[in-house]
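S.K.: Right, I'll just put the structure down here and ask away after.
The values are calculated or read from the model by the stated rules, or taken from the named source; none is laboratory data. Since we're looking at a predicted model, the values are computed, not measured. In this analysis, Cβ positions are derived from the backbone assuming ideal geometry, glycine residues included, and neighbour counts consider all displayed protein chains. Note: areas computed on protein heavy atoms with side chains; ligands, DNA, RNA excluded. Shrake-Rupley method; radii C 1.70, N 1.55, O 1.52, S 1.80 Å.
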Amino acid sequence: MAKDNKNHCSFCGRAEDDVNLLFYGISGFICDECAEIAHNAIEESRRKNGDFSLTLAEIPKPREIKEFLDQYVIGQDDAKKYLSVAVYNHYKRILQPKSDDSVEIEKSNIILVGRTGTGKTLLARSIARCLHVPFTIVDATVLTEAGYVGEDIESILTRLLQVADYNVKAAERGIVFIDEIDKIARKGDNPSITRDVSGEGVQQGLLKLLEGSIVNVPPQGGRKHPDQKMIPVNTQNILFICGGAFDGIERKIAQRLNTHVVGFGSVNETNAVDRDNLLQYIAPQDLKAFGLIPEIIGRLPILTYLNPLDREALRRILTEPKNSIVNQYVKLFAMDGVKLTITDDALDYIVDKAIEFRLGARGLRSIAETVMMDAMYDTPSSDTRELTVDRDYAASKLEKANLHLRQMA
């Protein structure tokens with residue numbers, strides 16, 4: 001048998017001709033695939049051990065974070081800037097030296113206010129893609145005061161622990177996005193009528209989490225009971241980002257600005273106020289008037305807003321982001337070997353209907369699903385290799401769906 005003079009990977013044994021790249025060492029070799037496996041194993045070990053090995057130079061800068069968000073979210077530049085700066089400062093807080101004479105950097109929790117469908121949750125999901133710390137999104141609507149049906153406030157940290165594989169050290173430098181924060185607003189000014197267990201009671205429970213304290217967290221979530229083992233988690237360095245629609249808060253803002261949202265009572269001296277976008281004038285006292293207690297407002301010092309989506313923004317949402325609605329449909333049909341083309345007239349028609357229904361960006365998806373449903377049902381079983389969706393096709397499908405709904409009603 002002839003001797004094999006080729007170099008082989010010292011780990012997997014494959015010859016140099018069988019791999020893409022072979023790295024030479026002093027007394028051995030390693031192929032590119034084994035090197036990648038070793039790299040992934042090292043990263044996994046660091047993540048499990050809570051090792052935050054990034055340096056300040058390696059942390060993405062606020063401008064870089066915003067540019068990343070621009071790939072997925074259209075518009076909302078103000079909200080993106082606030083988020084980018086908050087995340088960057090969160091990294092710097094993690095990296096600050098632990099010396100007695102140094103200035104301690106405190107966290108600045110954020111609250112985002114915007115109408116439904118303007119991109120609050122999408123911003124949170126998009127920014128999670130570029131983070132090097134544990135990140136989770138939780139819903140405030142299921143939270144109740146301790147002792148009542150629902151979930152305890154500590155279940156928020158349970159989800160963060162799950163994302164961090166129950167590594168407490170890693171979870172204690174994570175970021176939590178609390179969605180639907182407006183749903184825990186105080187239900188009324190008279191507390192003697194009934195106990196507000198899913199409103200003010202939840203806000204009171206959130207205070208210790210937002211401020212920073214050691215919280216005993218049930219590892220599996222749900223309700224706490226005496227025999228259950230608890231995991232102590234320090235929330236001092238956990239950044240909290242809250243978001244909510246705050247439906248009706250425009251009236252609170254209008255009252256403070258002495259303007260009127262609708263009607264004939266507007267005065268001439270308020271012409272400078274943009275009544276189509278009153279959220280840009282939001283202030284902490286408006287949140288208090290809506291039903292948030294002053295203590296929780298003080299623990300959410302950064303307040304920003306999301307602009308309502310106009311026609312141009314809705315049109316761009318359909319096509320420009322990386323995971324745009326049109327790109328998703330094109331990919332779905334391409335997997336069946338079908339080339340999908342959606343004309344500009346059809347896209348304009350979908351946008352017009354979304355504005356008519358006043359559902360924001362979510363309305364785009366629901367309308368597009370209605371238009372594409374028959375094609376997605378029939379095309380995989382047919383010999384069709386090209387499909388063009390124009391305005392007439394989109395209008396016929398949507399009118400057919402609306403006629404069916406009217407007949408059912």
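S.K.: How far apart, in nm, are the 7 Å Cα→Cβ label points at Lys169 and Asp374?
M.R.: About 6.1 nm, to one decimal.
S.K.: Cα convex hull of the range 101-140: mean projected area in nm², to one decimal?
M.R.: Values: hull surface 18.0 nm².
Quarter of the Cα hull surface area: 4.5 nm².
S.K.: Let me ask something additional. Output the Cα-based Rg and Dmax of the range 317-361 in Å, rounding Rg to one decimal and Dmax to a whole number.
M.R.: 11.8, 35
S.K.: Just the number, please: Stokes-Einstein D of the range 54-123 in µm²/s, Kirkwood Rh from C-alpha pairs, 10 °C, 1.306 mPa s. Don't jump to the answer; show the numbers that get you there.
M.R.: Numbers: Rh = 13.6 Å.
In µm²/s, the coefficient rounds to 117.
S.K.: If you roll a 1.4 Å probe over the heavy atoms of the protein chains, what accessible area per residue do you get for the chain, in Å²? Provide the component values of the computation, followed by the final result.
M.R.: Values: 22780 Å² over 409 residues.
Per-residue value: 56 Å².
S.K.: DSSP beta bridges in the chain, what fraction antiparallel, as a percent rounded to 5?
M.R.: Numbers: 8 of 30 bridges.
Approximately 25 percent, going by the DSSP bridge assignments.
S.K.: For the chain, count all C-alpha to C-alpha pairs, find those more than 35 Å apart, and express that count as a whole percent of the total. Write down the numbers at each step before the final one.
M.R.: On the way: 38786 of 83436 pairs.
Of all Cα-Cα pairs in the chain, 46 percent lie more than 35 Å apart.
S.K.: In percent, how large is the relative contact order of the chain, given Cα pairs closer than 8 Å and 6 or more residues apart? Before the final figure, lay out the partial values.
M.R.: On the way: 596 pairs, mean separation 66.6, N = 409.
Computed over the chain, the figure is 16 percent.
S.K.: Another question about this same structure. Given the pairs Lys107/Lys322; Lys98/Lys120; Lys81/Lys339; Lys80/Lys288; Lys66/Lys92, which are separated by over 29 angstrom at their Cα positions? Show your work: numbers first, answer last.
M.R.: Details: Lys107/Lys322 31 Å; Lys98/Lys120 34 Å; Lys81/Lys339 38 Å; Lys80/Lys288 24 Å; Lys66/Lys92 17 Å.
The pairs that break the limit, which is 29 Å between Cα atoms, are Lys107/Lys322; Lys98/Lys120; Lys81/Lys339.
S.K.: Based on the alpha-carbon gyration tensor of the range 273-377 and its eigenvalue square roots a ≥ b ≥ c, which shape applies: rounded if a/c is under 1.5, prolate if not and a/b is larger than b/c, or oblate?
M.R.: Details: a/c = 3.23, a/b = 2.43, b/c = 1.33.
In terms of gyration-tensor shape, prolate.
S.K.: Over the range 51-169, one equal point on each Cα, no solvent: what is log10 I(q)/I(0) by the Debye formula at q = 0.15, 0.21 Å⁻¹?
M.R.: -0.85, -1.32
S.K.: From the Cα gyration tensor of the range 121-171, with a ≥ b ≥ c the square roots of its eigenvalues, which class applies: rounded if a/c is under 1.5, or else prolate if a/b is larger than b/c, or else oblate?
M.R.: Numbers: a/c = 4.26, a/b = 1.51, b/c = 2.82.
Here the range 121-171 falls in the oblate category.
S.K.: Same structure again: Rounded to the nearest percent, how much of the accessible area of the range 252-388 (1.4 Å probe, protein heavy atoms only) is carbon and sulfur? The partial results should precede the final answer.
M.R.: Values: 3830 of 7780 Å².
Here it works out to 49 percent.
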